[in-house]
Amino acid sequence: MNSNVKKELDYELRDEHFASKEIVLEKNSQPVTIKERVRDLWNKEIEIPVVPLATSIVIALTMTVVPYTTKTPQPKSGIVEIDGSYYWQDRVEELRENAD
């Protein structure tokens, strides 16, 4: 049975010829120059999992955007000027009550 498969394969590949055998055999398998090393580095395939990447982006955006969008509660009173400095009226009243 193996001989039938080999015969079929040989028949199908009868017109195919590998002409660059010498070039492949002469080329070093390890990069020698810096240019070859950089080319090999850029030629690598990198797999990045989508779910962890998306999760980390969402967490990073949440940590940077949410603090700027939340508003701090503002006192309901206005601002009072005392001796050239500005204070919240509620705070001034609290200090006056505590001083009495």
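The values are calculated or read from the model by the stated rules, or taken from the named source; none is laboratory data. Bear in mind that the values here come from a model prediction, so they are computed numbers and not experimental data. Backbone-built Cβ (ideal geometry, glycine too); neighbour counts: all protein chains shown.
The table below gives the values:
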item	result
Count - residues of segment 26-56 that are surrounded by 10 or more Cβ atoms within 10 Å (Cβ to Cβ) and not β-branched (V, I, T)	8
Members of segment 1-18 that are outside any helix (DSSP H, G or I) and not charged (D, E, K, R)	M1, L13, H17, F18
Options I59, I23; residue that is loosely packed, with under 10 Cβ neighbours inside 10 Å and part of a helix (DSSP H, G or I)	I23
Complete set of residues in segment 62-100 that are loosely packed, with under 10 Cβ neighbours inside 10 Å, among the polar types (S, T, N, Q) and at pLDDT 75 or above	T64, S85, N98
